[in-house]
1. When you scan region 181-213, how many residues do you find that are touching a helix residue (DSSP H, G or I) at 6+ places or on another chain (Cβ under 8 Å) and closer than 19 Å to residue 242 by Cβ?
2. Which condition does residue 291 not pass, out of (1) in contact with a helix residue (DSSP H, G or I) (Cβ under 8 Å, 6 or more places away or on another chain); (2) closer than 22 Å to residue 96 by Cα; (3) buried (at least 21 other Cβ atoms within 10 Å of the Cβ), if it passes all the others?
3. Does region 294-320 hold any residues that are out of contact with any helix residue (DSSP H, G or I) (no Cβ under 6 Å at 6 or more places or on another chain), within 18 Å of residue 57 (Cβ to Cβ) and surrounded by fewer than 20 Cβ atoms within 10 Å (Cβ to Cβ), and which are they?
4. Residues to consider are 122, 118, 188, 149; find the one that is over 28 Å from residue 268 (Cβ atoms), at pLDDT 95 or above, over 17 Å from the mean Cα position of the chain (by Cα) and part of a helix (DSSP H, G or I).
5. Of these, 275, 281, which one is crowded, with 20+ Cβ neighbours inside 10 Å, under 24 Å from residue 185 (Cβ atoms) and either under 18 Å from the mean Cα position of the chain (by Cα) or in the same structural domain as residue 108 (by TED's automatic domain parsing) (or both)?
6. For region 39-59, indicate whether the set of residues that are without any contact (Cβ under 8 Å) to a residue 12 or more places away in the chain, in contact with a strand residue (DSSP E or B) (Cβ under 6 Å, 6 or more places away or on another chain) and surrounded by fewer than 21 Cβ atoms within 10 Å (Cβ to Cβ) is non-empty.
7. Can you tell me which residue within region 198-219, out of those that are without any contact (Cβ under 8 Å) to a residue 60 or more places away in the chain and outside any loop (DSSP other than H, G, I, E, B), is farthest from residue 282 (Cα to Cα)?
């Protein structure tokens, strides 16, 4: 019995040690607003950079915040512009946001209202990629029918003209299988968007992504289950948001809500398709613009210190703190 108890103690210690390695170094406090650090770095001569996302405690992205909406503290002392050069900018120079649009092109779509779907998809592209895009927002388009395959219409690009041309190329003969492999499309789409996230990580870039799936029906192919699809959504890369769009009365609303965990929209008829696609596009744009880059020239010249970012949005407030090391910091820092 003592041996068993002793083994139990060892297992508990091992568990605690292993958990400690995975602890997130940021300290987050929220009063309705949540700031989450995506990336941070220190660079000579004395620059500290923190890339973070702002959302409500309910997970809604907060876009459009400006420098005046933030207070910055170093070791709990507020930093003014006079004390140290600082700036907060939307997003970051090394940031990418990728959106994968997946279209149901089974027979019920291509034979009945393909022109309306194409118009809605083009409106979606025009909303996602702004006219003054700096190239960090990209869209890829894939489609599915009853085949055990996710077909690529166009790879990820920020070229709006190429995306529109690809959509216009869709014709009613594109599909050779009138069934609907909805759950298979979800699984293959998640694999595709996760691979995009991995590539950003390998290139040492900050990233986020969204997957949007459209359908007018339910899964008919029966290759995969609803549980497989929804579980894959739950366990996908945490920087990927999921949205779904349904058309008509033949969809499985509960399934699409689970697949589109960050947003589900229903178009009652084809006349509402453009407005419905634009609602999702607006949500994705808000998410893409809820990332901010804070940089400042620290006056510290050695040791480990704490920097805190406090944000205020309407009547909501929140802050996040993280550590940085000022070893070898010197003067001459410029932003």
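1. Quick first cut of region 181-213, residues touching a helix residue (DSSP H, G or I) at 6+ places or on another chain (Cβ under 8 Å) only: 182-183, 186-187, 190, 206-213.
So of that shortlist, the ones also closer than 19 Å to residue 242 by Cβ come out as 182-183, 186-187, 190, 207-213.
Of the residues in region 181-213, 12 are touching a helix residue (DSSP H, G or I) at 6+ places or on another chain (Cβ under 8 Å) and closer than 19 Å to residue 242 by Cβ.
2. Going through the list (1) in contact with a helix residue (DSSP H, G or I) (Cβ under 8 Å, 6 or more places away or on another chain); (2) closer than 22 Å to residue 96 by Cα; (3) buried (at least 21 other Cβ atoms within 10 Å of the Cβ), residue 291 breaks only (1).
3. 310, 313, 314, 315, 316, 317
4. Numbers: 122 fails: over 28 Å from residue 268 (Cβ atoms); 118 fails: over 28 Å from residue 268 (Cβ atoms); 149 fails: part of a helix (DSSP H, G or I).
Just a single option satisfies the conditions, and that option is 188.
5. It is 281.
6. Filtering region 39-59 down to residues without any contact (Cβ under 8 Å) to a residue 12 or more places away in the chain leaves 41, 43, 58.
Next, only the ones that are in contact with a strand residue (DSSP E or B) (Cβ under 6 Å, 6 or more places away or on another chain) stay: 41.
This time we only want the ones that are surrounded by fewer than 21 Cβ atoms within 10 Å (Cβ to Cβ), so: 41.
Within region 39-59, one or more residues are without any contact (Cβ under 8 Å) to a residue 12 or more places away in the chain, in contact with a strand residue (DSSP E or B) (Cβ under 6 Å, 6 or more places away or on another chain) and surrounded by fewer than 21 Cβ atoms within 10 Å (Cβ to Cβ).
7. Looking only at region 198-219, we keep the residues that are without any contact (Cβ under 8 Å) to a residue 60 or more places away in the chain, and these are 198-199, 201-203, 218-219.
Restricting the remaining residues to those that are outside any loop (DSSP other than H, G, I, E, B) gives 198-199, 201-202.
Working: 198: 25, 199: 26, 201: 26, 202: 29 Å.
Residue satisfying both the conditions and the ranking: 202.
The values are calculated or read from the model by the stated rules, or taken from the named source; none is laboratory data. From a predicted model like this one, the values you see are computed outputs, not experimental measurements. Methodologically, a virtual Cβ is constructed for each residue, glycine included, from the backbone with ideal geometry; neighbour enumeration extends over all protein chains shown.
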